[in-house]
1. Here are some conditions: (1) modelled with pLDDT of 95 or more; (2) over 13 Å from the mean Cα position of the chain (by Cα); (3) surrounded by 11 or more Cβ atoms within 10 Å (Cβ to Cβ). Residue 98 meets all but one. Which one does it not meet?
2. If you go through segment 40-51 one residue at a time, do you hit one that is on the phi > 0 side of the Ramachandran plot, in contact (Cβ under 8 Å) with a residue 12 or more places away in the chain and out of contact with any helix residue (DSSP H, G or I) (no Cβ under 8 Å at 6 or more places or on another chain)?
3. Could you grab me the full set of residues in segment 54-74 that are outside any helix (DSSP H, G or I) and either over 13 Å from the mean Cα position of the chain (by Cα) or closer than 15 Å to residue 20 by Cα (or both)?
4. If you take the residues of segment 52-80 that are among the hydrophobic types (A, V, I, L, M, F, W, C) and without any contact (Cβ under 8 Å) to a residue 40 or more places away in the chain, which of them is farthest from residue 34 (Cα to Cα)?
5. What about residue 61, is it of a type outside the set (A, V, I, L, M), farther than 20 Å from residue 81 by Cβ and at pLDDT 95 or above?
Amino acid sequence: MNRRGKSSITSKLEDEVNLLQRHVHMLKAIMENQPIGIIRLSELLKHPQHKVRYSLRILEQEGLIRPSPDGAMTTEKLQEFLDQLKRILDSTSRTVKELRASL
């Protein structure tokens, strides 16, 4: 158990889900407000600028957004990613329900 009273196994899972959620919220905000800069994203999503920068870097590396002089913009790869994410989430949800039922 770690200092927060959580297992490192469950803590890692929780951290990864929270990070994915932040990235998806950021993608949605970019889609709805593009082009949008770091400061505006930080204000809109109520995340510190360093976390916004990190997420933007990851999303750009994945090819889901691109920088522009006016701020982040989505790319043509975004819809394919969102469709894939929905399939993965559906599958993961079934797995989690099965795991929960087995406890």
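The values are calculated or read from the model by the stated rules, or taken from the named source; none is laboratory data. Quantities reported herein were computed from a predicted structural model and do not represent experimental measurements. Neighbour counts run over all protein chains shown; Cβ positions are idealised from the backbone, glycine included.
1. Of (1) modelled with pLDDT of 95 or more; (2) over 13 Å from the mean Cα position of the chain (by Cα); (3) surrounded by 11 or more Cβ atoms within 10 Å (Cβ to Cβ), only one is false for residue 98: (3).
2. There is no residue in segment 40-51 that is on the phi > 0 side of the Ramachandran plot, in contact (Cβ under 8 Å) with a residue 12 or more places away in the chain and out of contact with any helix residue (DSSP H, G or I) (no Cβ under 8 Å at 6 or more places or on another chain).
3. Residues satisfying the conditions are 62, 63, 64, 66, 67, 68, 69, 70, 71, 72, 73, 74.
4. Restricting attention to segment 52-80, the residues satisfying the condition of being among the hydrophobic types (A, V, I, L, M, F, W, C) are 52, 56, 58-59, 64-65, 72-73, 78.
Retained after the next criterion (residues that are without any contact (Cβ under 8 Å) to a residue 40 or more places away in the chain): 52, 56, 58-59, 64-65.
Values: 52: 15, 56: 13, 58: 17, 59: 14, 64: 13, 65: 10 Å.
The selected residue is 58.
5. Working: of a type outside the set (A, V, I, L, M): yes; farther than 20 Å from residue 81 by Cβ: no; at pLDDT 95 or above: yes.
When the stated conditions are applied, residue 61 does not pass them.
One line per residue, one yes/no per condition, for (1) part of a helix (DSSP H, G or I); (2) surrounded by 11 or more Cβ atoms within 10 Å (Cβ to Cβ); (3) in contact with a Cys (Cβ under 9 Å, 6 or more places away or on another chain):
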| residue | (1), (2), (3) |
| --- | --- |
| 32 | yes, no, no |
| 42 | yes, yes, no |
| 52 | yes, yes, no |
| 76 | no, no, no |
| 87 | yes, no, no |
